[in-house]
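One structure is given here, and the rest of the page talks about it.
The values are calculated or read from the model by the stated rules, or taken from the named source; none is laboratory data. From a predicted model like this one, the values you see are computed outputs, not experimental measurements. Glycine also receives a Cβ, built like all others from the backbone with ideal geometry; neighbour counts cover every protein chain displayed.
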């Protein structure tokens, strides 16, 4: 009788992290080439604001702040990917996994940033809410697609 070795927790979560980086690339491209030209919105520094709130990071140049913004943006995407890896460990795949992870992580993101005084969602316009939801849902879709189609150890 042949047995199939199950992938380790570390391996699956690591694949999720890599997928999260890819999903963040997808989100960033979507923002830069589709969403921002349509909405006329400027670059967001929400990731840098978050990093400056919870770490001692305090760049003293505009370029330093921009680098901090991108490092944090991708680090947060890696965490979204790790959450996708956890969902995969529990047997979730496809749209069910994307939607579950998006719902949990997005809610946590908004609650944490609101608690830190960085977000004020009750003051957001409908457009701001839609932009935030769509951009982050694109990230979740990209993460899920890369994990499920390219990195899923169950395949």
Quick one: would you say residue 113 is more than 18 Å from residue 32 (Cα to Cα) and surrounded by 16 or more Cβ atoms within 10 Å (Cβ to Cβ)? yes
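Of the residues that make up region 129-150, is at least one at pLDDT 95 or above and outside any helix (DSSP H, G or I)?
No, every residue in region 129-150 fails to be at pLDDT 95 or above and outside any helix (DSSP H, G or I).
Matching residues to (1) closer than 14 Å to residue 41 by Cβ; (2) surrounded by fewer than 18 Cβ atoms within 10 Å (Cβ to Cβ):
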position	(1), (2)
124	yes, yes
128	yes, yes
131	yes, no
138	no, no
146	no, no
152	no, yes
| said: Looking for something under 30 Å from residue 9 (Cβ atoms), at pLDDT 95 or above and not in a helix (DSSP H, G or I) - is there at least one such residue anywhere in region 40-55? | reply: yes
Selection status of residue 6, free of Cβ contacts under 8 Å to residues at least 60 places away in the same chain, exposed (fewer than 13 other Cβ atoms within 10 Å of the Cβ) and either more than 18 Å from residue 133 (Cβ to Cβ) or within 14 Å of the chain's Cα centre (by Cα) (or both)
yes
Residue set 12, 21; condition surrounded by fewer than 21 Cβ atoms within 10 Å (Cβ to Cβ), in a helix (DSSP H, G or I) and in contact (Cβ under 8 Å) with a residue 60 or more places away in the chain; output residue 21
What about residue 40, is it closer than 21 Å to residue 147 by Cα, free of Cβ contacts under 8 Å to residues at least 60 places away in the same chain, over 19 Å from the mean Cα position of the chain (by Cα) and surrounded by fewer than 17 Cβ atoms within 10 Å (Cβ to Cβ)?
-> no
Evaluate region 62-73: report whether one residue or more is outside any helix (DSSP H, G or I) and at pLDDT 95 or above. no
Here the residues within region 51-78 that are touching a residue at least 60 places away in the same chain (Cβ under 8 Å) and either more than 19 Å from residue 112 (Cβ to Cβ) or out of contact with any helix residue (DSSP H, G or I) (no Cβ under 6 Å at 6 or more places or on another chain) (or both) are 53, 54
